[in-house]
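Novice: Would you mind keeping the following structure in view while I ask a few things?
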Amino acid sequence: MSRYLVVRVSQGLLTLLLVSILTFFLINLAPGGPSAIMNFQSTAEQREALTKQLGLDKPVVQRYAEWLGGAVQGDLGNSLDSKQPVGELLAERFPNTVILSAATLIFTLMIGIPLGVLAAVKRGSWIDRLITFMSTFGMAIPEFWLGILLIIFFAVIHPILPISGMMTAGSDFSLVDLIKHLALPMFTLSILMLPNIVRFTRSAMVDVISLDYVRTAKAKGLGAYRVFFQHALRNALVPIAAIVGLIVPILLGGSVVVENVFGWPGMGRLAVQAATNRDYTVVMGVTILVGAIVIVTNILTDLIYTVLDPRIRYE
Amino acid sequence: MKKSRSALTASIAILLIIALTLAGCSSNSGNNEPAASGGAASVPASESASAPAESEGVQDATITLATNADPNFNPWSPTGFVESEPITELLFDGLTAWGTDYQPIPALATDWTPSDDGLTWTINLRTDVKWSDGEPFTADDVVYTFNEIVLKKDLAAANSSNFVAVDKVVAVSPSQVQFVLKQAWSSLPNYLAWFAKILPKHIFEGQDPWNLTSFNKEKPVGTGSYVLTKYMAGQYVELERNPNYFGGTGDVAKVVFNIVPDINSQVAQLMSGSLSMITVEDPNLMDNLKSNPNLTVNEVSDNNYYWVALDQSQPRFQDVKLRQALLYAIDRESIIKGVLKGYGKVATGPINPMMEKFYNPNVQTYAYDPEKAKSLLEEAGYKLNSDGIMEKDGEPLEIDMPAGQYGTLVQASQLVQQYWQKIGVKVNLQVIDWNSYVQRVVSNRDYDATLCWWRAPVDPDILAYYHSNSAGTGNNIPGYKNPALDKLLEDGRKAKTEEERVKVYNDVQTMTAEELPYLYLWNPTIAVATQKNLIVPKTTFIVAEDHITEWKVLK
């Protein structure tokens, strides 16, 4: 088990290194440059001075080596734009993305698993088809459009929820205020996530409920709730846990768009702004952090298997 | 029965999906502005101030404005753009500011006079100004800001290229400075009102001004009408009235800038009442806002003109007949009607009609006339070849035209492409993201033709955009070189009286209309939308901010 962990973690680190090389060279060699330099009004003299100031006159390989040297010591460099340390910017934004993502994940699982179970149990019925149709629908909706639509409905026509941000400007922190601001972005992001959970739960349950022990449980006269939720679902959870691991990247990707529409001060917005402004160091910071999260989630998912199904052992 | 029901369900589903897709696409088209623009900011406009209604106001009101990204509080930072300017406009003062008639008015300076040879401006300063940390403001701050920040070439401060004519600034006494110029420059007071804010020497001395994040991102110290009280990164910036401000107080005690990256969300916030005022440049949004009964929409002109530049380092574009032909071929009225929904006027040259004194309407014009365009091309030696393309000496007239994804640029470029193709010019349009576009067009000058715009202070001095010296490296994007125009522009800077200036700039406009250094397209109309109970001077956002003490917040 511990040997397995060591292998997985070293594989993860190697992946991160490759991701960092690929990203660094891609963004540095892509057309364009930091927004300070790529200003329509700047003169050749200004562009030259700024290129030097930002250290971009050095060869890209040397710049990568310097970045990597800093990164292994925990220094991700300074933003080319604001000059703030990238680590600080990430520390400021990361928790906000975690709040949005965690709330979305919990909400999606709470809605998605029961719907998936229901669809599986009522397989072939109109309920099943309705649920499947709604999931396809959710998958097809562009989230920026859904976001704007929800804003128009809940904030302009029936102004009951705030449109943008994480808290009312100027007020002190309150949980109610946070939840109100969270409602629309969380719901939008959930619509994007829900199809994955519902469809996966449904197919996992369909597999399980045709097994003998479910028939036995039914034959013993157990209530439907106990049969499906306590016996069948327990076994269907292994593949569902796997999909949770897989949707974390989708969740982080979706939050990029949703954070921009709803002005949520998270990493997604930081990433978009950094990419637009060609803030190379911030792009690197966000990429490495997100990469690390995905890798850690995958390892954790594998470990959760062993808890959910004691028959699974890693040697 | 069952079959027909599922067929019905399927058709409803398909219809819904089509509707959603279409709605999704149209929503996207209005939403492609980058978080921070590469260009300069909002600018003064023409209409004079509307007299604020005499009505009972709310004292100590809070208003909420919007900005599209996290600001940099240092007004000279090369990474501060449109997201920062509305905030630094309130935190800092320049030596001059804009009047609602777009003439420079006193701010930190009380008066200014040029020397007889025009090479020195003597500027008297207020003596009652304090920085927000309590330190007194003196001539040393002005000297420091210019000599150590703006004029330091290595720093490449934003807008610093506007001040290339300034050699240095000298403190004569704590309340008087002199601007020593390399060449005479009659427009200095106008340019001093244009985002040229004064920074505190006691904070910046000995520091790298761009790396001083304790000031630039956390706690700016200014002389402006408002001071920063709270900044939550990614969320909002809160300003409160500066108790020591020298310019008096108005109704507005607190200004909150919500950081809202998406323009559609900004519009929704305005309509729901959670924003007090926004600037709208997207013509697609204007009618919607105008029909809203809770909003006042002021249409204002902007000192801004859109143009097509033809790369005049190539001999073929040095032929004025070709340039004129290409302008005759563009139906500008139709572009204004179609792309701008009518929010614009055909431009006749670089000087905006809003500068009534300087604008010269009696110049050569180019009403849409494709036949005339073709005959001019023929005069220039072009003939249609067997492929239907105009050709000269065996070389087909083929034009590479990069278009940057910003506002209406791509749509308008596509129309120009169609108009030119109608007269036998082959146009290769390449749509690229704004940042890469700037690199290609401005930095590498790698294009044949391109459509963009200039925005400048409300002043007829356009030397930076037309002088031969700035061809290839500076703001003379098309690289137009004409010693006669250079001379006129230099004369304009030397002119001592307004009468002299009017004469010079009339000649400039006659020449630019005949010569077409740029192909002039249109002057846009922009809108400032406010809640009905907020009365602001009828000007652009930034100029209105200079007059925030005059704003009225009605009950």
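Each reported figure results from applying straightforward, stated rules to the coordinates on display, with no laboratory input. Given the structure is predicted, the values throughout are model-derived calculations rather than measurements. Quick reminder, even Gly has a Cβ in these numbers, built from the backbone with ideal geometry, and neighbours come from all protein chains shown.
Novice: Find out how many positive minus negative residues lie around B:Asp446, taking Lys and Arg as positive, Asp and Glu as negative, among other residues whose Cβ is under 10 Å from that of B:Asp446.
Specialist: Surrounding charge for B:Asp446 is -1.
Novice: Moving on to the next point. Over all pairs of distinct alpha carbons, what does the Kirkwood formula give as the hydrodynamic radius of segment B:472-555, in Å?
Specialist: 16.7 Å
Novice: For segment B:451-544, which chymotrypsin sites (Phe, Trp or Tyr not before Pro) are both in a DSSP coil and crowded by at most 16 other Cβ atoms within 10 Å?
Specialist: Taking segment B:451-544 and a limit of 16 other Cβ atoms within 10 Å, no loop chymotrypsin sites (Phe, Trp or Tyr not before Pro) are found.
Novice: Using only Cα atoms, tell me the angle between helix A:233-261 and the longest principal axis of chain A; keep it within 0 to 90° and round to the nearest 10.
Specialist: For helix A:233-261, the angle is close to 30 degrees.
Novice: For segment A:28-89 and segment A:205-242, what is the separation of their C-alpha centers, rounded to whole Å?
Specialist: Comparing the Cα centres of segment A:28-89 and segment A:205-242, I get a distance of 56 Å.
Novice: While we're on this one: For segment B:370-469, give the magnitude of the charge dipole about the Cα centre (Cβ charges: +1 Lys/Arg, -1 Asp/Glu; no others), in debye to the nearest 20.
Specialist: 220 debye
Novice: Continuing with this model, one more query. Segment A:79-184: which chymotrypsin sites (Phe, Trp or Tyr not before Pro) are DSSP loop and have at most 16 other beta-carbon atoms within 10 angstrom?
Specialist: A:Phe173
Novice: Loop-only trypsin sites (Lys or Arg not before Pro) in segment B:142-190, please: DSSP not H, G, I, E or B, and at most 14 other Cβ atoms within 10 Å.
Specialist: Those that pass, being in a loop and sparsely packed, are B:Lys152, B:Lys182.
Novice: Describe numerically, in nm with one decimal, the distance between label points set 7 Å from Cα along Cα→Cβ at B:Asp116 and at A:Arg234.
Specialist: 10.4 nm
Novice: Suppose we take every Cα in chain B and form the convex hull; what volume per residue is that in Å³?
Specialist: Hull volume normalised by residue count: 180 Å³.
Novice: If you fit an axis through the alpha-carbon atoms of helix A:2-29 and take the longest principal axis of the Cα set of chain A, what angle between them do you get, 0 to 90°, nearest 10?
Specialist: 40 degrees
Novice: Toward the positive end of the charge dipole of the protein assembly as shown, about the Cα centre and with charges on Cβ (Lys, Arg +1; Asp, Glu -1), which of B:Ala69, B:Pro189, A:Ala119 goes farthest?
Specialist: So the residue furthest toward the plus end is A:Ala119.
Novice: Here's a follow-up. Can you work out D for segment B:317-368 in µm² s⁻¹ from Stokes-Einstein, where Rh is the Kirkwood radius over C-alpha pairs, the temperature is 10 °C and the viscosity is 1.306 mPa s?
Specialist: Using the Kirkwood radius from Cα pairs, D works out to 127 µm²/s.
Novice: Under a Cβ-only charge scheme (Lys and Arg +1, Asp and Glu -1), can you give me the dipole magnitude of chain A about the Cα centre, in debye to the nearest 20?
Specialist: With only Lys, Arg, Asp and Glu charged at Cβ, the dipole is about 1340 debye.
Novice: Size of segment B:304-525 along its principal axes in angstrom, Cα-based, largest extent first?
Specialist: Principal extents (Cα only, largest first): 58, 35, 32 Å.
Novice: Can you give the charge dipole size of the protein assembly as shown about its Cα centre, rounded to the nearest 20 debye, using +1 on the beta carbon of Lys and Arg and -1 on the beta carbon of Asp and Glu?
Specialist: Roughly 4300 debye, rounded to the nearest 20.
Novice: Another question, then. May I ask you to give the average projected area over all directions of the convex hull of the Cα atoms of chain A, in nm² rounded to one decimal?
Specialist: Spelled out: convex hull of the Cα atoms, projected over all directions, averaged, 21.5 nm².
Novice: Could you state the per residue volume, in Å³, of the convex hull enclosing the Cα atoms of the protein assembly as shown?
Specialist: 207 Å³
Novice: Right, something else. Below 8 Å, C-alpha to C-alpha, sequence gap of six or more: please give me the relative contact order for chain B in percent.
Specialist: Dividing the mean separation by the residue count of chain B yields 22 percent.
Novice: Further, regarding this structure: Taking Cα pairs under 8 Å and at least six residues apart, what relative contact order does segment A:1-112 come out at, in percent?
Specialist: RCO, segment A:1-112: 15 percent.
Novice: Quick check: net charge around B:Leu289, other residues with Cβ under 14 Å of its Cβ, Lys/Arg +1 and Asp/Glu -1?
Specialist: My count for the surroundings of B:Leu289 gives -1.
Novice: Just from its helices, what would the mean residue ellipticity at 222 nm be for the protein assembly as shown, if runs of 4 or more DSSP H residues each count -39500 (n - 2.57) and the sum is divided by every residue, rounded to the nearest 500 deg cm²/dmol?
Specialist: Result for the protein assembly as shown, helices only: -14000 deg cm²/dmol.
Novice: Considering the dipole of chain B built from charges on the beta carbon (Lys and Arg +1, Asp and Glu -1) around the Cα centre, which of B:Tyr231, B:Leu90, B:Trp112 is farthest to its positive end?
Specialist: B:Tyr231
Novice: I need the Kirkwood Rh of segment B:411-459: take the reciprocal of the average 1/r across all distinct C-alpha pairs and report it in angstrom.
Specialist: 12.5 Å
Novice: Hey, another quick one. At q = 0.21, 0.27 Å⁻¹, work out log10 I(q)/I(0) for segment A:2-72 with the Debye formula, treating every Cα as an identical point scatterer and leaving solvent out; two decimals please.
Specialist: Per q value, in the given order, log10 I(q)/I(0) is -0.95, -1.20.
Novice: Going toward the positive end of the dipole of the protein assembly as shown, with +1 on Lys and Arg Cβ and -1 on Asp and Glu Cβ, which of B:Leu409, A:Thr297, B:Leu295 do you reach last?
Specialist: A:Thr297
Novice: While we're here: Where Lys and Arg each count +1 and Asp and Glu each count -1, what net charge lies around A:Lys220 among other residues with Cβ under 15 Å from its Cβ?
Specialist: With Lys, Arg at +1 and Asp, Glu at -1, the net is +2.
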